[in-house]
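Undergrad: My structure is below; once you've seen it, I'll send some questions.
Derivation of every value follows stated rules applied to the coordinates shown; laboratory data play no part. This structure is a prediction, so every number in the text was calculated from the model and none was measured. Glycine gets a Cβ as well: all are built from the backbone with ideal geometry, and neighbour counts include every protein chain shown.
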Amino acid sequence: MTEPRFPAVLQITDSQVHLVPASTQARPWNTGVATFHGWSEFDVARMLREMDAAGVGHAVVVPTSAVDGLRNDYALTAARAHPDRFSVVGLIDIAHRELAQPMLDGWRGIAGLVGIRAIFRPGVGASAGWLADGTADWFWAAAEAAGVPLYVHAPGQVRRLDPIARAHPRLRMVIDHLGMSADVRPDEIDASISDVIALARHPNVAAKASALTCITPSKFPAERLRVRLKEVLQAYGAQRVFWGSDITRLSCTYRQSIETFVESVSFLSDDDICGVMGRSLATWLALPASVPIPVPASLAAANAAEPRS
């Protein structure tokens, strides 16, 4: 891969990272879980070191339901301690409205919280069926009324979100991982991306181009991903596509995941790359200003020598 030409000024915001607290007697993990994608711990200090080394100014933390259930406290503590570096899109108990409604009503008063993640996937309780069986029907209008932005993780069910987006035009939804999950099969990837593209007609829907380094090249050819990313960006525009690493799933370094993605969208203008790599997400979620971390001088010089059109 040739070294990507970064914009000379690029403030990067990662749309999805997980922090993994160690399993202790006082705070045990979910029963039967030994590691999270091989990690026994990925704490705040580790995340900050990774961000500083890779040039990432801000990261949106999604609590780790696989090990921690619906707890948000570890992520929120990180955001409160480092408000310029972390924000949280928290988890909510959609199946029990009496528990979830107070969080929706009071989300603006929860320091560090900038949105809520709705999960509909196999292996997360019975959540895979909630889009079809009526369990989640109450949630969309309630979230719209509360004005809370959503991350929606619904692998294999993105088409079910179309009538929801149409019926609730003030509800801002971000589709996680271009509609895919960690265990997506290679033969499912094109269809997942196509389903996400179909939702672009709704201006209240955005797409997270996140965790893509995890499927390339083992599940999906890099050149094919470049073609599909171009289609996603043509459909949504750079204002509604947000890069994310899902760092705890990477098989490469954090910096390499950024470089790989930037190279995949090298057809964009510098301004649009800046949007996809952080500015657009900051606007969508009303994030606090991130710490500016300079792009390495070698990459900035390469960009200046050969500017994009």
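Undergrad: For helix 97-106, report the angle its Cα long axis makes with the longest principal axis of the Cα atoms of the chain; keep it between 0 and 90° and round to the nearest 10°.
TA: 50 degrees
Undergrad: What nm distance separates the two modelled labels at ALA286 and ALA126, each placed 7 Å from Cα along Cα→Cβ?
TA: Each label point lies 7 Å from its Cα, and together they span 3.5 nm.
Undergrad: What FRET efficiency comes out for ARG108 versus ASP137 if R0 is 25 angstrom and r is the Cβ-Cβ distance? Round to the nearest 0.05. Could the numbers behind the result be given before it?
TA: Working: r = 24 Å, r/R0 = 0.96.
Step by step, r from the Cβ atoms, then E = 0.55.
Undergrad: Moving on. Sequence-distant or interchain residues sharing an amide H contact under 5 Å with ILE92, placed H: which?
TA: Those lying under 5 Å, H to H, from ILE92 are ARG117.
Undergrad: Subtracting the Cα-Cα distance from 0.36 nm times the residue separation, let me have the gained length for ALA81 to GLN256 in nm, one decimal. Mind dumping the intermediate values first?
TA: Working: separation 175, 0.36 × 175 = 63.00 nm, distance 2.77 nm.
Between ALA81 and GLN256, full extension yields 60.2 nm more.
Undergrad: How would you rank 267-274, 209-216, 56-63, 195-202, highest first, on the average number of other Cβ atoms within 10 Å across their residues? Kindly include the intermediate steps, with their values, before the conclusion.
TA: Details: 267-274: 17.5, 209-216: 22.9, 56-63: 25.5, 195-202: 19.6.
My ranking of the peptides, most packed first, is 56-63, 209-216, 195-202, 267-274.
Undergrad: Now for a different question. Mean separation of Cα pairs under 8 Å and 6+ residues apart, divided by the residue count of region 59-209: what relative contact order is that in percent?
TA: Numbers: 245 pairs, mean separation 26.0, N = 151.
Relative contact order comes out at 17 percent.
Undergrad: For the pair THR24/ARG226, report the inter-label distance in nm, with labels modelled 7 Å from Cα in the Cβ direction.
TA: Inter-label distance under the simple model: 4.8 nm.
Undergrad: Normalising by the residue count of the chain, find the relative contact order in percent from Cα pairs under 8 Å and 6+ residues apart. List each step's numbers first, then the result.
TA: Numbers: 559 pairs, mean separation 78.0, N = 309.
Result for the chain is 25 percent.
Undergrad: What is the spin-label model distance, in nm, from GLU98 to ALA34 if the labels are put 7 Å beyond Cα along the C-beta direction?
TA: Result for the modelled spin labels: 3.9 nm.
Undergrad: Tell me, what is the FRET efficiency for ASP183 and GLN239 to the nearest 0.05, using R0 = 22 angstrom and their Cβ-Cβ distance as r?
TA: Details: r = 31 Å, r/R0 = 1.39.
Plugging the Cβ-Cβ distance into 1/(1 + (r/R0)^6) gives 0.10.
Undergrad: Could you list the square roots of 5 times each eigenvalue of the Cα gyration tensor of region 1-106, that is, the equivalent ellipsoid semi-axes, sorted largest first and rounded to whole Å?
TA: 28, 19, 13
Undergrad: Further question on the same structure: Hey, what's the Cα Rg ratio for region 12-291 versus the globular rule of thumb, 2.2 N^0.38 Å? Let's see the in-between values first.
TA: Values: Rg = 17.4 Å, N = 280, 2.2 N^0.38 = 18.7 Å.
Normalised by 2.2 N^0.38 Å, the Cα Rg of region 12-291 equals 0.93.
Undergrad: Hey, in the GNM for the chain with a 10 angstrom Cα cutoff, which one of ARG228, ARG185, ARG97 fluctuates hardest?
TA: Looking only at ARG228, ARG185, ARG97, the biggest GNM fluctuation is shown by ARG185.
Undergrad: Between beta-carbons, use under 11 Å as the cut-off and find the net charge around GLY156, counting Lys and Arg +1, Asp and Glu -1.
TA: Working: positive: ARG121, ARG159, ARG160, ARG185; negative: ASP183, GLU188, ASP195.
Summing Lys and Arg as +1 and Asp and Glu as -1 gives +1.
Undergrad: Work out the length of the dipole vector of the chain about its Cα centre, built from +1 on the beta-carbon of each Lys and Arg and -1 on the beta-carbon of each Asp and Glu, and round it to the nearest 20 debye. Could you put the intermediate results ahead of the total?
TA: Values: 29 positive and 31 negative charges, 57 e Å.
Dipole about the Cα centre, nearest 20: 280 debye.
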